[in-house]
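**Student:** Please find one structure pasted underneath; my questions will follow.
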Amino acid sequence: MPKVAIIGSASWGTALGIALARKGMQVRLWTRTEEEAQKMNRERENAAFLPGFRFPRCLAAASSIEEVFDGVALVILAVPAQSVRYNARLIRDYLNESVIVVNASKGLEVGTCKRMSQLITEELGQNLKSNICVLSGPNIAQEVVLGLYSAAVIAASDIAVTERARQIIESPCFSTFTTTDVIGVELGGALKNIVALATGMAEGLGYGDNAKTALITYGLAEITSLGVALGADPLTFSGLACLGDIVVTCFSPLGRNHHLGIELAKGHRLKDILSTTSHIAEGVTTTIAARQLGQKMAVDMPATEHVYQVLYEGVAPKVAVADLMKCYARQSCRVAETKLAPSLVRHYL
């Protein structure tokens, strides 16, 4: 069985580790400290991020990077988006050209506006570029470890690499589909969190499911517009990596960004909400980078702009959501005014 290393010991990294170990694979979960590793191995669970789910026999935590990477065939990066570059830099000397690197983080790097695969390639080098994959989809960590059916997309520039990754990651309860549209898959996974923040605020303000669904539809068109401008396949955004991910994030009670939006609508301050949880709501930083990217590509992104105003300019959610609804109602902000192909406009309206 292939050996797997997982960088990132929060809920998603742990869930993937448990799922892979149940297949009989030797999985090592890298922790920052030896104390963390010993605690997990002793208790046979990750009590801090995924309590109540026992580690399979084949899963162990380790703080030694040499031990974690010894003989691995596949490495999964499941760390917060803003720390992906740092972690890629840490592991690059332990990789060879046969190792597949799978990024499971969703976001854009603040400052550069780069996708995760782009910055991983920068840190690992061009010789490993074809081995870099992204894993994305509508996946709630708790449901994956419960063995409930889930599905995801694996994307890489080399379809043969996606197939190798699929064979390792897939299980009867975790279906994976492959594509070469890395741009579309990454943007869908990153930008859906902004839509979730907007719908969370709408829900917290008392808007019904009609309004939430309208926001999702318009948000999907907004994401697709930016994706097409950057060279993505527009059809990717109607699949698991975007539409599917938006739906689960906006309607599941476990959606972090949606929950954060609800809390903002209640009048709680962003820094106070973030201080009460160890989980990362990636939409908070992604909004900054997405706004910059939209401006650079001259793509109108009203949801991103209004969420940004709430997060960073002190605009009240009540004011921002009401204005966003009016913005969508005006002809200048209708989907027909985006740079989508006419057939896609008809599809989304």
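**Student:** Evaluate the following for LYS271: is it farther than 22 Å from ASP245 by Cβ, out of contact with any helix residue (DSSP H, G or I) (no Cβ under 9 Å at 6 or more places or on another chain), assigned by TED's automatic domain parsing to the domain that holds ASP209 and in contact (Cβ under 8 Å) with a residue 12 or more places away in the chain? Let's see the steps before the verdict.
**Tutor:** Numbers: farther than 22 Å from ASP245 by Cβ: yes; out of contact with any helix residue (DSSP H, G or I) (no Cβ under 9 Å at 6 or more places or on another chain): yes; assigned by TED's automatic domain parsing to the domain that holds ASP209: yes; in contact (Cβ under 8 Å) with a residue 12 or more places away in the chain: no.
Considered against the rule, which asks whether it is farther than 22 Å from ASP245 by Cβ, out of contact with any helix residue (DSSP H, G or I) (no Cβ under 9 Å at 6 or more places or on another chain), assigned by TED's automatic domain parsing to the domain that holds ASP209 and in contact (Cβ under 8 Å) with a residue 12 or more places away in the chain, LYS271 comes out as no.
**Student:** Still on this structure, please answer the following. Using the structure shown, decide if LEU16 is within 21 Å of ILE140 (Cβ to Cβ), touching a residue at least 12 places away in the same chain (Cβ under 8 Å), under 23 Å from the mean Cα position of the chain (by Cα) and in a helix (DSSP H, G or I). Can you show your working first?
**Tutor:** On the way: within 21 Å of ILE140 (Cβ to Cβ): yes; touching a residue at least 12 places away in the same chain (Cβ under 8 Å): yes; under 23 Å from the mean Cα position of the chain (by Cα): yes; in a helix (DSSP H, G or I): yes.
In short, yes.
To keep it simple, each residue is scored yes or no on (1) under 23 Å from the mean Cα position of the chain (by Cα); (2) in a strand (DSSP E or B); (3) surrounded by fewer than 23 Cβ atoms within 10 Å (Cβ to Cβ).
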{"residue": "TRP12", "(1), (2), (3)": "yes, no, no"}
{"residue": "GLU35", "(1), (2), (3)": "no, no, yes"}
{"residue": "GLY52", "(1), (2), (3)": "no, no, yes"}
{"residue": "ALA60", "(1), (2), (3)": "no, yes, yes"}
{"residue": "VAL79", "(1), (2), (3)": "yes, no, no"}
{"residue": "TYR86", "(1), (2), (3)": "yes, no, yes"}
{"residue": "VAL101", "(1), (2), (3)": "yes, yes, no"}
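**Student:** Consider only pairs whose beta carbons are under 7 Å apart and that are at least six residues apart or on different chains; among these, list those whose first residue lies in the stretch 285-303 and is without any contact (Cβ under 8 Å) to a residue 24 or more places away in the chain and assigned by TED's automatic domain parsing to the domain that holds GLY219 and whose second residue is in a helix (DSSP H, G or I) and of a type in the set (Ser, Thr, Tyr).
**Tutor:** The qualifying pairs are ARG291/THR304; ARG291/TYR308.
**Student:** Considering only residues of the stretch 208-237 that are outside any helix (DSSP H, G or I) and at pLDDT 95 or above, which is surrounded by the fewest Cβ atoms within 10 Å (Cβ to Cβ)? Quick ask: steps written out before the conclusion?
**Tutor:** So the first thing to find is which residues in the stretch 208-237 are outside any helix (DSSP H, G or I), and the list is 208, 230-233.
Checking which are at pLDDT 95 or above leaves us with 230-233.
Working: LEU230: 16, GLY231: 10, ALA232: 22, ASP233: 15.
If we take residues in the stretch 208-237 being outside any helix (DSSP H, G or I) and at pLDDT 95 or above, then GLY231 is surrounded by the fewest Cβ atoms within 10 Å (Cβ to Cβ).
**Student:** May I pose another question? Taking the stretch 1-32 only, how many residues are closer than 26 Å to ARG256 by Cα and either of a type outside the set (A, V, I, L, M) or touching a His at 6+ places or on another chain (Cβ under 6 Å) (or both)?
**Tutor:** Final tally of qualifying residues: 10.
**Student:** For ALA104, indicate whether it is among the small types (Gly, Ala, Ser), on the phi < 0 side of the Ramachandran plot, in contact with a strand residue (DSSP E or B) (Cβ under 6 Å, 6 or more places away or on another chain) and in the same structural domain as ARG166 (by TED's automatic domain parsing). It would help to see each step written out before you state the result.
**Tutor:** Working: among the small types (Gly, Ala, Ser): yes; on the phi < 0 side of the Ramachandran plot: yes; in contact with a strand residue (DSSP E or B) (Cβ under 6 Å, 6 or more places away or on another chain): yes; in the same structural domain as ARG166 (by TED's automatic domain parsing): yes.
For ALA104, the condition - among the small types (Gly, Ala, Ser), on the phi < 0 side of the Ramachandran plot, in contact with a strand residue (DSSP E or B) (Cβ under 6 Å, 6 or more places away or on another chain) and in the same structural domain as ARG166 (by TED's automatic domain parsing) - is met.
**Student:** Sticking with this one: For the stretch 179-196, how many residues are charged (D, E, K, R) and in a loop (DSSP other than H, G, I, E, B)? Talk me through it step by step, then tell me what you get.
**Tutor:** Taking the stretch 179-196 and keeping what is charged (D, E, K, R), we get 181, 186, 192.
In the following step, the residues that additionally are in a loop (DSSP other than H, G, I, E, B) were identified as 181.
The qualifying residues number 1.
**Student:** For the stretch 253-263, enumerate the residues that are over 27 Å from THR112 (Cα atoms) and either assigned to a helix (DSSP H, G or I) or within 15 Å of the chain's Cα centre (by Cα) (or both).
**Tutor:** As a first pass, look at the stretch 253-263 and keep what is over 27 Å from THR112 (Cα atoms): 253-254, 259, 262-263.
The answer is LEU254, HIS259, ILE262, GLU263.
**Student:** Which condition number does ILE120 fail, the rest of (1) β-branched (Val, Ile, Thr); (2) buried (at least 22 other Cβ atoms within 10 Å of the Cβ); (3) more than 24 Å from LEU293 (Cβ to Cβ) being met?
**Tutor:** (3)
**Student:** Which pairs have Cβ atoms under 9 Å, sit 6 or more apart or on different chains, and link a residue in the stretch 306-319 that is free of Cβ contacts under 8 Å to residues at least 12 places away in the same chain to one that is surrounded by fewer than 19 Cβ atoms within 10 Å (Cβ to Cβ) and assigned to a helix (DSSP H, G or I)?
**Tutor:** Partner pairs satisfying both residue conditions: GLN309/VAL319; GLN309/ASP323; VAL315/ASP323.
**Student:** Filter the stretch 122-177 down to the residues that are assigned to a helix (DSSP H, G or I) and in contact with a Phe, Trp or Tyr (Cβ under 6 Å, 6 or more places away or on another chain) and list them by number. So that I can check it myself, show each step before the final result.
**Tutor:** Within the stretch 122-177, the first condition is being assigned to a helix (DSSP H, G or I), and the residues that meet it are 122-124, 126-131, 141-145, 159-169.
Within the stretch 122-177, ALA141, VAL145 meet the criteria.
**Student:** Here is a follow-up. If a residue must be surrounded by fewer than 22 Cβ atoms within 10 Å (Cβ to Cβ), touching a residue at least 12 places away in the same chain (Cβ under 8 Å), of a type in the set (A, V, I, L, M, F, W, C) and more than 26 Å from ALA221 (Cβ to Cβ), how many such residues does the stretch 147-167 contain? Show your work before the answer.
**Tutor:** Initially, the stretch 147-167 is screened for residues surrounded by fewer than 22 Cβ atoms within 10 Å (Cβ to Cβ), giving 147-149, 151, 157-161, 163-164, 166-167.
From the residues that got through so far, the ones that are touching a residue at least 12 places away in the same chain (Cβ under 8 Å) too are 147-149, 151, 157-159, 161, 163-164, 166.
Right, trim to of a type in the set (A, V, I, L, M, F, W, C) and you get 148, 151, 159, 161.
After this cut, where a residue has to be more than 26 Å from ALA221 (Cβ to Cβ) as well, the list is 148, 159, 161.
Number of matching residues: 3.
The values are calculated or read from the model by the stated rules, or taken from the named source; none is laboratory data. Not measured: the values here are computed from a predicted model. So basically every Cβ, Gly included, is an ideal-geometry build from the backbone, and we count neighbours across all protein chains shown.
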